[in-house]
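*Asks:* The structure's right below; bear with me while I get my questions together.
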């Protein structure tokens with residue numbers, strides 16, 4: 001379960017910004033919208049958080065930051081130098097920030113432990129990395145190091161006695177094999193560190209991110225349509241949206257597949273080859289009770305987008321994962337967005353602690369019957385064009401406050417300043 005995510009000096013984000021899923025003392029929807037952690041000093045977490053803000057204010061950059069952290073954790077030992085450099089995208093509108101490192105830190109609860117993990121990096125190397133683990137309210141600093149530019153070596157803190165290699169000298173070997181552009185977490189986990197594997201696996205398996213501009217991937221959903229209970233769940237979800245699909249089938253047909261390769265310093269390469277391609281078809285009942293099949297060309301983008309969400313949503317609900325969606329309301333009716341949020345908030349459906357972090361422009365969600373006040377966040381661009389993230393709770397809103405109307409009237413900021421445009 002996500003507790004909080006922090007980022008500094010990344011794209012439009014200059015100073016450190018923090019998105020927290022820690023629940024406030026608000027008692028509204030406590031039984032449905034909150035999760036009990038059972039951890040000392042951390043009683044309840046929120047099942048969802050929603051971020052609002054004007055276009056180009058930095059909502060997406062918060063999600064890109066989490067994606068970049070995930071990419072580095074999973075692949076830092078395999079990235080080429082050019083690929084590593086591409087990950088470094090600091091705030092460029094300030095001379096100091098251009099040269100300063102980017103910093104990420106995340107706090108998650110996995111099983112009986114709370115992990116507080118972070119690192120900083122610049123265009124050349126990992127500058128620092130640390131991991132604090134809480135078995136109780138007291139932190140155990142399992143590892144930490146900082147790069148020393150004078151010695152050109154990493155200054156390591158002593159490993160915690162609670163962090164052990166499975167064999168004598170194994171931690172030192174992992175440390176020695178951690179290169180300038182590699183993370184110790186990646187190196188040790190890929191070398192079978194049993195203690196670090198849960199945190200690494202959280203990034204690999206329990207964090208599902210949908211960026212707004214990425215091509216929508218239907219494959220996770222298509223691959224599970226052979227499971228009867230899953231297919232039934234997908235059809236129920238589609239029909240709850242009043243789409244009237246009676247059946248879904250996937251056929252593999254022969255066709256030309258094209259592979260595009262782009263490597264640094266080389267011309268783009270295209271390869272085509274024969275292969276089998278999955279073709280999805282949707283069944284609709286005719287007036288005389290027959291079934292008419294249509295391929296994806298005849299379905300709306302909203303239908304296909306909802307189908308693409310189906311597998312990750314069910315995966316999150318079944319296994320307690322975090323699903324992060326940028327511009328969640330794109331091509332989805334507001335009532336359908338509310339329906340999906342209610343599913344995430346239902347203790348009967350979400351029994352493993354699933355969470356959702358979304359950005360949206362759909363102000364109809366600012367409804368006290370749907371969201372608690374501590375679930376609402378805003379992003380605004382400051383005068384220096386940097387991003388500022390802040391919570392609705394900073395305004396101490398009343399329980400009966402009309403939050404949607406107040407937001408559209410500019411009471412909480414995070415709206416565009418429009419001027420007259422004359423032809």
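*Asks:* Does anyone have the angle between helix 301-319 and the longest principal axis of the chain? Alpha-carbon axes, 0 to 90°, nearest 10?
*Replies:* 50 degrees
*Asks:* How far apart, in nanometres, would the label points at residue 30 and residue 369 be if each is projected 7 angstrom from Cα along the Cα-to-Cβ direction?
*Replies:* If labels sit at residue 30 and residue 369, their model points lie 2.3 nm apart.
*Asks:* While we're here: In nm, give the distance between the simple-model label positions of residue 390 and residue 160, each being 7 Å from the Cα along the Cα-to-Cβ direction.
*Replies:* My value for the distance between the label points is 3.5 nm.
*Asks:* Across all directions of projection, what mean area in square nanometres is found for the Cα convex hull of the chain?
*Replies:* 27.1 nm²
*Asks:* Pop the C-beta distance of residue 226 and residue 254 into the FRET formula with R0 = 22 Å and round what comes out to the nearest 0.05.
*Replies:* 0.60
*Asks:* Follow-up. Express in nm, to one decimal, how much length is gained between residue 402 and residue 77 on full extension, taking 0.36 nm for each residue of separation and deducting their alpha carbon distance.
*Replies:* Roughly 112.0 nm would be gained on extension.
*Asks:* Hey, what number do you get for the chain at 222 nm if only DSSP H runs of n ≥ 4 count, each worth -39500 (n - 2.57), divided across all residues, to the nearest 500?
*Replies:* -7500 deg cm²/dmol
*Asks:* Would you mind checking the tilt of helix 59-75 against the longest principal axis of the Cα atoms of the chain, expressed as 0 to 90 degrees and rounded to 10?
*Replies:* 60 degrees
*Asks:* Arranged from highest to lowest average of other beta-carbon atoms within 10 Å per residue, in what order do the peptides 104-112, 358-366 appear?
*Replies:* The densest-packed peptide leads the list: 358-366, 104-112.
*Asks:* Which of 150, 299, 380 moves the most in a Gaussian network model of the chain with Cα springs under 10 Å?
*Replies:* Its mean-square fluctuation being the largest, the pick is 150.
*Asks:* While we're looking at this one, here's another question. Using Cα atoms only, what is the angle between the long axis of helix 334-345 and the major principal axis of the chain, expressed in degrees (0 to 90) to the nearest 10?
*Replies:* Between helix and principal axis, roughly 50 degrees.
Where a number appears in this text, it was derived from the coordinates with a stated rule and is not lab data. Note that the structure is predicted; figures quoted are calculated from it, not measured. Methodologically, a virtual Cβ is constructed for each residue, glycine included, from the backbone with ideal geometry; neighbour enumeration extends over all protein chains shown.
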